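This report concerns only the one structure given below.
The values are calculated or read from the model by the stated rules, or taken from the named source; none is laboratory data. Note that this is a predicted model, so its numbers are computed, not measured. Here the Cβ positions follow ideal geometry from the backbone for every residue, glycine too, while neighbour counts run over all protein chains shown. Remember, those area values only see protein heavy atoms, side chains included, never the ligands or the DNA or RNA. Shrake-Rupley method; radii C 1.70, N 1.55, O 1.52, S 1.80 Å.
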Amino acid sequence: SREDFHGEAFSNSPPYFMTNSGCSSGARVGAWDNLRADSYNAFAAYMADVIEHWHQEGVITFKSVSPMNEPYTDYWSANSNKQEGCHFSSGKSQNKIILETAKAIRAKGLKDVEIVASDETSTSHQITSYNKYTDEVKEVIDRISTHTYITRRSKQLGQLAKEKGFNLWMSETDWSNTLGKSSGEMGAGLWLASKIITDINDLSPSAWVIWLVIDFHISKNGFNGNKDFGMPDMSKGFWGVAVADHDNEEIILSQKYYAFGQFSRYIRPGDSIIHCDKNTLASFNNASKKLTIVTFNSSGKDIEKDFILDGFDIEFSEYKTIRTSGSLKDGEHWKDLGKTSLENNTFKTKIKGYSVTTYVIE
């Protein structure tokens, strides 16, 4: 619903006229800062103006703002056709733009807009940047966000968040990977399931955000200046979970989309995450007393699994099974397999090969 919508304003780069290189794809050397020294407050004011404008127009009320995107990398260089980007060194440069952003947002009276940093590409970079925030900067930051394209220190970042008590999001990740030998169209969905579970188990974030829902476009005339990508081979993996067919004005879904929904439709805001094993994630809602378990099987053979719920001080009566497997044309898509009675808070179940399965236990 509109009330549940969380819009975050984030910047890939300041406008070209505020940069050292005069180019919004990055500095002349990727490892150099590209925001001009005299433009920190101007860039912060620009972001605050945009947020205020869209709120006043009644189009979107942003709940948070992140002034940087993967800043502590050398990915972003001038005259690149990759994408817009801007290097901000950990320490002085990042600290300055965070403080200026907070000041500009508060000057507008936008007191409910959270200040977010630093959206680093890797958990290792995010630890480095966090450790160089001053106490003043930590005071104005409402949330730490990390991407998980590189995950060498994910568990350390998760532990750091617990020790320091800051709110942590996994704010961007995806890939064209697959999981499971000969798993066909389920391969991309199985990889996504594994990625979600691993990230959440390692980081204990309060949100997990995919980048992006649609990355492939079919359009004989191109779309927004982009060439016609054509239809990806969904058995080989692809970015996003659906394809936009502009020629026929329709969205083409995928098994990766349905695999994602095995989590997002049933693990809901307000649930508490329960860590399980490397193939399983669970959540519990204290108000409704509903337990949700999501698991996947990346092998072609069915496997048996026991779920023991004796850590709860309530007696569960039954569970519902929902499953995604097979192909888009003739597979299962959030298929409701019915309810099963549950005795002594324990149940044994068979996990279908190449599937993502959700159990809703009440």
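Worth pointing out:
- The angle separating the long axis of helix 92-107 from the principal Cα axis of greatest extent in the chain is about 90 degrees.
- Dividing the convex hull volume of the alpha carbon atoms of the chain by its residue count gives 159 Å³ per residue.
- Convex hull (Cα only) mean projected area of the range 286-362, reported in nm² to one decimal: 5.5 nm²
- The antiparallel fraction among DSSP beta bridges confined to the chain stands at about 65%.
- Look at the alpha carbon pairs under 8 Å that are at least 6 residues apart: their mean separation over the length of the chain gives a relative contact order of 11 percent.
- The chymotrypsin sites (Phe, Trp or Tyr not before Pro) of the range 273-311 include none that DSSP puts in a loop with a beta carbon having at most 15 other beta carbons within 10 Å.
- Largest-first ellipsoid semi-axes for the range 215-362, taking √(5λ) over the Cα gyration tensor eigenvalues, angstrom: 36, 16, 12
- Taking a point 7 Å out from the Cα of N131 in the direction of its Cβ, the residues of the range 159-185 whose backbone N falls within less than 19 Å of it are 159-166.
- Residue-averaged [θ]222 nm for the chain, counting only DSSP H segments that reach four residues, each worth -39500 (n - 2.57): -7500 deg cm²/dmol
- Kirkwood hydrodynamic radius (C-alpha pairs) into Stokes-Einstein, the range 1-70, 25 °C and 0.890 mPa s, D in µm²/s: 184 µm²/s
- Beyond 14 Å, the tail of the calculated P(r) for the range 294-337 holds 65 percent of the Cα pairs.
- The range 52-86 residues near the modelled Y16 label - backbone nitrogen below 12 Å, point 7 Å along Cα→Cβ: 79-80
- Note on the range 17-112: the C-alpha convex hull projects to 6.4 nm² when averaged across all orientations.
- Within a straight-line Cα-Cα reach of under 12 Å, K236 can be paired with the following aspartates and glutamates, leaving aside sequence neighbours fewer than 8 residues apart in one chain: E185.
- Stokes-Einstein translational diffusion, the range 79-159 - Kirkwood Rh over all Cα pairs, 1.002 mPa s, 20 °C, in µm²/s: 157 µm²/s
- Cα→Cβ-extended label distance, 7 Å offset, between D233 and D112, nm: 4.9 nm
- Largest-first ellipsoid semi-axes for the range 132-203, taking √(5λ) over the Cα gyration tensor eigenvalues, angstrom: 32, 11, 9
- With all pairs of separate Cα atoms included, the range 61-114 yields a Kirkwood hydrodynamic radius of 12.7 Å.
- Solvent accessible area, Å² - V50, 1.4 Å probe, full protein context: 60 Å²
- The alpha carbon radius of gyration of the range 208-250, expressed as a multiple of 2.2 N^0.38 Å, is 1.17.
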